[in-house]
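Just below is one structure, and these are the notes that go with it.
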Amino acid sequence: MRVHFRKISIIGVGLLGGSIGLAVRRHRLATEIAGYVRRAASLKDCEDAGAVDYATTDLLAAVSDADLVILCTPLAQMGSLVRQFRPALKRGAIITDVGSVKADVVRELETLTHKTGAHFVGCHPMAGGEKMGVSAAREDLFVNALNIITPTRKSNRAAVNKLERFWKALGARTMKLNAAQHDALVGRASHLPHVAAAALTNLVLSPTSPKQQGKLCATGFRDTTRIASGSPEMWRDIALANRKNIARSLGAYADELKKFQAVLMRGDAKGVESFFATAKERRDKWVVNGASTTE
């Protein structure tokens, strides 16, 4: 069944919000697309990119009469924004987000929207990139990407089903997980790699490194550290919101490095080869079985 909304409001029109707007337009999933931005300087950028029909700095006007409101801001801003726009929420409206951490967001926003007659359902499209802003938005960003939906026992089933059809209409695959399970799994699969890339970048490109160091950093270093160019504000919020899971994953990662360090220091050729062979076998199998390549 085709999904369509009379009005979709995108709160935060950057890479993800802009890409949603472009994809909604391409697939004609809404009659009207409104965008909310904090700075007046961003208004023209949003409209020039074609991501929304109109952009505004008036939060209540952006949300007013919307059937679907999508929060695409840093995690730490979501609760405050929902508190501000609650008076403008249409009864029966669906509220969702694209945040990378779910447990706290779902708990808070589900409570905030409950008495308004609107329905909150958390989502996390596993898509993105190191470039920021609406100028980096792409209408095909979600094609074949995995979108995780995190309903609770309180979730409105019709809203969950409509969101699932919405993301599929954008080209995404969907999976349902509870918020706690999502955060544990994504802490290892997405958040840990970002911390590792940032740590590697900080180490290798430290001002204390020899001046020739950067010139010797070629494709392998560039590919491994690409995601370290992501938004520091966004990753600050993600790291703090999922700190227990990330800290646990960092401990396990450090253990793996220590194991390799031990066989390396022993000169254990078989152990060193086994380390790389196991990684290759597991990654090759993961790629063959349909790895996500969008985040």
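One table, with the values for the structure above:
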read-out	value
Surrounding net charge for MET265, when Lys and Arg each add one and Asp and Glu each subtract one, Cβ distance under 13 Å	+2
Contact order relative to length of segment 117-179, as percent, for alpha carbon pairs under 8 angstrom and 6 or more apart	40 percent
Total formal charge among the other residues, if their Cβ is under 10 angstrom from that of ALA51, Lys/Arg +1 and Asp/Glu -1	-4
Contour excess over end-to-end distance, with Cα ends at TYR54 and SER80 and 0.36 nm allotted per residue	7.1 nm
Dipole moment magnitude, nearest 20 debye, the chain about Cα centre, only Lys, Arg, Asp, Glu C-beta charged	600 debye
Listed residues ASN156, THR174, LEU185: farthest to the positive end of the dipole of segment 149-191 (Cβ charges)	ASN156
Calculated over segment 4-112: convex hull of Cα atoms, volume per residue (Å³)	92 Å³
Net charge of Cβ neighbours under 15 Å - reference LYS90; Lys, Arg +1; Asp, Glu -1	+3
Relative contact order %, the chain, counting alpha carbon pairs below 8 Å whose residues are six or more apart	17 percent
Length-normalised contact order for segment 28-82 - Cα pairs under 8 Å, 6+ apart - percent	30 percent
Length added when fully stretched, ARG266-ALA158, from 0.36 nm per residue minus Cα-Cα	32.9 nm
FRET E, pair LEU257, ARG107, Förster distance 30 Å, beta-carbon r, rounded to 0.05	0.30
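None of the figures in this text is laboratory data; all of them are computed from the coordinates on show. The shown structure was predicted, so the numbers you read here are calculated from the model rather than taken from an experiment. Glycine also receives a Cβ, built like all others from the backbone with ideal geometry; neighbour counts cover every protein chain displayed.
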